[in-house]
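The block underneath contains the structure these notes are about, expressed in C-alpha cells.
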C-alpha cells in the first residue's frame, strides 16, 4: 500500500479508480456496506443520466461514453458525503477530472497489466473498444493511465483475488485517517 496524499479534505467521499475489472464495484460495495454509506455505481448512474439501459450503454461509441463518464463523475463529486463511488477508467484521460480527484479520497485499485488482460473481457460498458486489438488497447491504456492514477491517489493497493481482504485494507486506511 502506498499513500500519496493522505490528508485530503473529505474522507467521507471515497472514489475508487482503476482499470476495467479492477474490482471497483465489488470492493466499493463491500466498503460501503461496512461503513453504512451509499455506494454509487457508475454504470447504473450513467444509464439513468442518459435514459439508456446498461445494455444500450455498452453499445455507445467510445467518445460518447467518455463524455457520459465525465458528466457522471462531475455529478458524484458535487454530492455531499458520505459516499463510496466507482469512477470510470477514462477519468484519468481528463485533466479537469484528474485535478478534481486530487482533492478527494481517491483510491487506486491497481491491477497488473497481465491480470487486466484476463479480466477485461470484450462485452459490457466500456469494453466495446476492446473488440479488435484488445491486448494492445489494454496495454496502451495501462501505460497512459497508471502514472496518472498514482499521482492523485490517497492510497494505492494492488488488488488480489480476495476482494474482502482488499476492502479490509482500504477500511484500515480510512480508519487510520479519522
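The values are calculated or read from the model by the stated rules, or taken from the named source; none is laboratory data. Predicted model only: the values in this text are computed from it and were never measured. So basically every Cβ, Gly included, is an ideal-geometry build from the backbone, and we count neighbours across all protein chains shown.
Consider residue 81 carefully, then state whether it is touching a strand residue (DSSP E or B) at 6+ places or on another chain (Cβ under 9 Å), surrounded by fewer than 17 Cβ atoms within 10 Å (Cβ to Cβ) and on the phi < 0 side of the Ramachandran plot. For residue 81, the condition - touching a strand residue (DSSP E or B) at 6+ places or on another chain (Cβ under 9 Å), surrounded by fewer than 17 Cβ atoms within 10 Å (Cβ to Cβ) and on the phi < 0 side of the Ramachandran plot - is met.
Kindly check whether there is at least one residue in the stretch 85-93 that is touching a residue at least 60 places away in the same chain (Cβ under 8 Å), within 13 Å of the chain's Cα centre (by Cα), within 22 Å of residue 146 (Cβ to Cβ) and assigned to a strand (DSSP E or B). Within the stretch 85-93, one or more residues are touching a residue at least 60 places away in the same chain (Cβ under 8 Å), within 13 Å of the chain's Cα centre (by Cα), within 22 Å of residue 146 (Cβ to Cβ) and assigned to a strand (DSSP E or B). Only a single item in (1) surrounded by fewer than 17 Cβ atoms within 10 Å (Cβ to Cβ); (2) modelled with pLDDT under 90; (3) more than 27 Å from residue 33 (Cα to Cα) is not met by residue 99, and it is number (2).
Can you confirm whether the stretch 42-51 contains a residue that is surrounded by fewer than 18 Cβ atoms within 10 Å (Cβ to Cβ), modelled with pLDDT of 90 or more and in a loop (DSSP other than H, G, I, E, B)? Checked against the condition, which is being surrounded by fewer than 18 Cβ atoms within 10 Å (Cβ to Cβ), modelled with pLDDT of 90 or more and in a loop (DSSP other than H, G, I, E, B), the stretch 42-51 yields at least one hit. The single condition from (1) part of a helix (DSSP H, G or I); (2) modelled with pLDDT under 80 that residue 150 fails is (2).
Are any residues in the stretch 133-162 within 14 Å of residue 107 (Cβ to Cβ) and either out of contact with any helix residue (DSSP H, G or I) (no Cβ under 7 Å at 6 or more places or on another chain) or surrounded by fewer than 18 Cβ atoms within 10 Å (Cβ to Cβ) (or both), and if so, which ones? Once the filter is applied, which keeps residues that are within 14 Å of residue 107 (Cβ to Cβ) and either out of contact with any helix residue (DSSP H, G or I) (no Cβ under 7 Å at 6 or more places or on another chain) or surrounded by fewer than 18 Cβ atoms within 10 Å (Cβ to Cβ) (or both), the stretch 133-162 yields 150, 151, 153, 154, 158.
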